[in-house]
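Right, one structure below, let's go through it.
The values are calculated or read from the model by the stated rules, or taken from the named source; none is laboratory data. Since this is a predicted model, take the numbers as computed values, not measurements. Heads up, the Cβs are rebuilt from the backbone with ideal geometry, glycines too, and the neighbour counts pull from every protein chain shown. Accessible surface areas use protein heavy atoms only, side chains included; no ligands, DNA or RNA. Shrake-Rupley method; radii C 1.70, N 1.55, O 1.52, S 1.80 Å.
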Amino acid sequence: QVQLVESGGGLVQPGGSLRLSCAASKRIFSINAMGWYRQAPGKQRELVAVITSVGSTNYADSVKGRFIISRDNAKNTMYLQMNSLKPEDTAIYYCNIKGYAFDFWGQGTQVTVSS
């Protein structure tokens, strides 16, 4: 079984930046897509950013131009660079890796944007 471990969350002031990391416990083959999701209190989990097996990326409208998703295959790690953070970005952020036969989730990392 693969474990995904997120890190990099925390408290940041509006306008600040954070970089989230998602490390897999071992190399994963036949990945279709890797993504970041978030869930704010009282709201449904939503897709923030996704990167496909061929490197295509897509972002939620609310984070376009501010967040960047990337991956380092050699390190089995995915990243989410978050810039110009807003209070409405406050949520638990989860990483996800999907394939035809699997759907792995991390445990989540809290991001709080507040002055």
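For this structure, a couple of remarks:
- Of all accessible heavy-atom area on the chain, the percent that carbon and sulfur account for (1.4 Å): 49 percent
- Cα-Cα separations in the chain greater than 24 Å, expressed as whole percent: 19 percent
- In segment 1-97, lysine pairs closer than 28 Å at Cα, eight or more apart or cross-chain: 5
- In the chain the longest region clear of chymotrypsin sites (Phe, Trp or Tyr not before Pro) that are loop-assigned by DSSP and have at most 11 other C-beta atoms within 10 Å covers 30-99.
- Sparsely packed trypsin sites (Lys or Arg not before Pro) within segment 46-78, loop by DSSP, other Cβ within 10 Å at most 16: Lys64, Arg66
- Taking the charge dipole of segment 69-115 about its Cα centre, with +1 at Lys and Arg Cβ atoms and -1 at Asp and Glu Cβ atoms, the residue from Thr112, Leu80, Ser70 reaching farthest to the positive side is Ser70.
- The residues of the chain present an accessible area of 55 Å² per residue when probed at 1.4 Å with all protein chains retained.
- Cβ-placed point charges (K, R +1; D, E -1), dipole of segment 1-70 about Cα centre in debye, nearest 20: 60 debye
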